[in-house]
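See structure below.
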Amino acid sequence: PTMDDSHPIPNELTGLSKKSEKELKVQIPESNSSGFSFQKLWAFTGPGFLMSIAYLDPGNIESDLQSGTTARYKLLWVLMSATILGLVMQRLSARLGVVTGLHLADMCYRQYRRVPRLFVWLMMEVAIIGSDMQEVIGTSIAIYLLSNKMIPLWVGVLITVIDTLSFLMLDKYGLRKLELVFGFFIVVMSISFGYEFAVVKPEIKEMFQGLVTPWCSDCKHSALLQAIGIVGAIIMPHNLYLHSGLVKSREVDRTKKDKLREANFYFFIESCVALFVSFVINVCVVSVFAHGLYDKTNKDVVN
């Protein structure tokens, strides 16, 4: 469907979420060779890792530990399948932003009539609220536990809200700075959970069986519900809007097909690497809790 002719359609320069025209974009270095360039890959690196944070938020970590404690390694194939499906959707989202120069919200504004637009908007608001609720509550619970109950839950919620707004303020210093900050967080998470994995030493054979066996034998009803929770925690609709907007931060000449092809190629590689890193971290979390807490009571854990 197309919009009514009477409804104004924004062009690229006057899009709904267009920032100042003076906004600096990351310049892509020119290369004489037609082969792969790590310099160009570095220039395109950033949006994918910023997007991958949604695969490592408190809701995902909570889903990972619940998966490990309820079904051990048997739901790892669900985690892998959901991550692959997420990569496909993020790939399409990034291509949309690169080729059109508009993000997904702008395209919905262009293509849909008023009622479908309002419906999509309401659904995205519900998705964001649902995601924020579990992330804010999950972070406040983590602060409560890490502080040995010294910081109450309501204070943890306030701290979470304040640090979220603080990180958003980094955007005024340039998206590249924000990408580096969250890239650092991903490195810290990789080291932390990788160390836990090395110390706990889960059963590698059973872990790989859980990855390649698309079945959950002898699973309880709670494990099946957790499988649905894994998919819901990994695939977030509003993340598609984010990724389609983030790729616009690179200076790409959309009048040349080879430049578009190049941008899509490097963005896809970056997304693959970013989601692979997030997948490995999630697997480490599931495996650690599967090894230490599966089929154990609180008394067993304390002892």
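All of the numbers you see were taken from the coordinates with simple rules; none came from a lab. It should be emphasised that the depicted structure is a prediction, and the values quoted were computed from it without experimental measurement. Note: ideal-geometry Cβ built from the backbone for every residue, glycine included; neighbour counts use all protein chains shown.
Of note:
- Between the range 215-287 and the range 174-193, the Cα center-to-center distance that results, in Å: 16 Å
- Legend: distances between Cα atoms for 149/201; 177/257; 177/205; 177/256; 40/172; 149/205; pairs beyond 32 Å are 177/205; 149/205.
- Going from the residue with the fewest nearby Cβ atoms within 10 Å to the one with the most, 55, 195, 109 rank 195, 109, 55.
- For the range 173-303: rounded, prolate or oblate by the Cα gyration tensor [a/c cutoff 1.5]: prolate
- Cysteines, the chain, no other Cys beta-carbon under 4.7 Å: 108, 272, 284
- Per-residue ³J(HN,Hα) for the range 55-63, Karplus 6.51 cos²θ - 1.76 cosθ + 1.60, θ = phi - 60°, Hz, x for Gly and Pro: 8, 10, 6, x, x, 5, 4, 5, 5
- With respect to the chain, whose longest principal axis is taken over its alpha-carbon atoms, helix 257-293 is tilted by about 10°.
- For the chain, adding -39500 (n - 2.57) for each run of n ≥ 4 DSSP H residues and dividing by the number of residues yields -23000 deg cm²/dmol at 222 nm.
- Of 253, 106, 295, the sequence from fewest to most neighbouring Cβ atoms within 10 angstrom is 295, 253, 106.
- Prolate/oblate/rounded label for the range 124-171 (Cα gyration tensor, a/c 1.5): oblate
- Packing-based exposure ordering (other Cβ within 10 Å, fewest first) of 199, 99: 199, 99
- All-pairs Cα distance distribution in the chain, expressed in whole percent, bin size 20 Å: 29, 55, 16, 0
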